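First up is the structure itself, then whatever we jot down about it.
The values are calculated or read from the model by the stated rules, or taken from the named source; none is laboratory data. None of the values given here were measured: they were computed from a predicted structure. All Cβ positions, even for glycine, are placed from backbone atoms using ideal geometry, and neighbour counts span all protein chains on display. The area values use the complete protein model at the heavy-atom level, side chains included, leaving out ligands, DNA and RNA. Shrake-Rupley method; radii C 1.70, N 1.55, O 1.52, S 1.80 Å.
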Amino acid sequence: MKCIRMLVAVLAVSLLGMAGGGARAAGLDKAAADAVVQRYVAVQNSEGKADEESIKASQTEVADLNGDGKEEIVLWTTLFGPTYWNNSVTVFADDGHGYAPEATVSGLGQVQKISIRDDLILVKTQVLGPHDSICCPTVDKVISLRWQGARLVDTHGARDGARSSQRPQGAKAPKSAAPAPENISPPALTQHGVANVWQLRPVAGHAPVATVAGPGVVQSVSLMCDGGTPVIAVAVKARPPAGAVNLGLDFGGAVVNLPLQRATAGATLLLGDLSRSELPRLLASHSSGVARLRINGGLQGNLPLSGVRPTSQAALASCYRY
């Protein structure tokens, strides 16, 4: 089964190595630029700690983007959350009191590197093609961005899934690569940064993903279509022991057992094929309550079912016959 890197940050780490800095304009030394970036990353990570979010500075460039004789800092960051990741580019400018973030654009696909040419920021990335599964974009693309004050403008027009945003100093980076979906279930408390009622998360170019916080060792449970296959993705908090992994769900008499396999060797993401499983039908028959969740027979606790009917049906509509 294909991996689902777009959903779980721990797998995205393997794809997004630290890129080296490119040519730098004179006037702002590397140490000063690095200090600005480190302070920004520290603030973002402090604010995201409660939601188990963190960002990584993937690449920094320095250049005069508007010809005023002052260098700007261009930063590519990768945000990691419990069940999502996102790439952003942010421009920092000297406002007379030091460097501060002026403009950010996110939803750039699977970024590989950034570079500066004249006054343009070039983002080398891969985006999802019409037949790609969620995990594995294959279409090479170079996105050309021009900094215009509080905005980063795509010189080739709008891109699916991308958004530009103006944020005040210290504001948190955007969480997902697409706008937040409309709430189809009541406002929820969160557990480990994931809602404890079922919610839909958008994925640019693909069907949305239904997700909920899990009990015990389970970080989250998600449902999605991957290349036409209905899939359940179970993110666990620690690497599971070697050997078979079985997911058990007890709906008060109706019990479903499903074998899971690791997305990659040693991964904390476990995947199950729902093509021949009754689990989606059982989930769609509930609108509240809980199901008792077990991993390899060990009881982990209650999996919430609030909101599961509409979200699971929306997530699996294109790949599962109810």
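Taking region 237-254 as the region of interest, how many residues are outside any strand (DSSP E or B) and open to solvent by less than 60 Å² (accessible area, probe 1.4 Å)?
Qualifying residue count, region 237-254: 4.
What pairs can you find where one residue is in region 230-243 and without any contact (Cβ under 8 Å) to a residue 12 or more places away in the chain, the other is polar (S, T, N, Q), and their Cβ atoms are less than 9 Å apart, with a gap of 6+ or different chains?
Filtered contacts from region 230-243: P241/N296; G243/N296.
Looking only at region 39-64, count every residue that is under 16 Å from W85 (Cα atoms), among the charged types (D, E, K, R) and surrounded by 16 or more Cβ atoms within 10 Å (Cβ to Cβ) and tell me the total.
Residues meeting the conditions: 3.
Can you tell me how many residues within region 87-129 are closer than 27 Å to G227 by Cα and without any contact (Cβ under 8 Å) to a residue 12 or more places away in the chain?
1
Tell me whether region 251-271 contains one or more residues that are within 17 Å of the chain's Cα centre (by Cα), modelled with pLDDT under 85 and either more than 23 Å from D132 (Cβ to Cβ) or of a type in the set (V, I, T) (or both).
Within region 251-271, one or more residues are within 17 Å of the chain's Cα centre (by Cα), modelled with pLDDT under 85 and either more than 23 Å from D132 (Cβ to Cβ) or of a type in the set (V, I, T) (or both).
Which fully enclosed strands (runs of 3 or more DSSP E) of region 78-125 have 3 or more residues being open to solvent by less than 10 Å² (accessible area, probe 1.4 Å) and among the β-branched types (V, I, T)?
Of the strands (runs of 3 or more DSSP E) lying wholly inside region 78-125, those with at least 3 residues that are open to solvent by less than 10 Å² (accessible area, probe 1.4 Å) and among the β-branched types (V, I, T) span 85-94.
Of the numbered conditions (1) in a loop (DSSP other than H, G, I, E, B); (2) open to solvent by less than 20 Å² (accessible area, probe 1.4 Å); (3) not small (G, A, S), V234 fails exactly one; give the number of that condition.
(1)
Scan region 255-274 residue by residue and report those that are open to solvent by less than 40 Å² (accessible area, probe 1.4 Å) and without any contact (Cβ under 8 Å) to a residue 40 or more places away in the chain.
V256, L258, L260, G266, L270
With the requirement that a residue be assigned to a helix (DSSP H, G or I), among the polar types (S, T, N, Q) and over 16 Å from the mean Cα position of the chain (by Cα), what does region 40-65 give you?
Passing the criteria: only S46.
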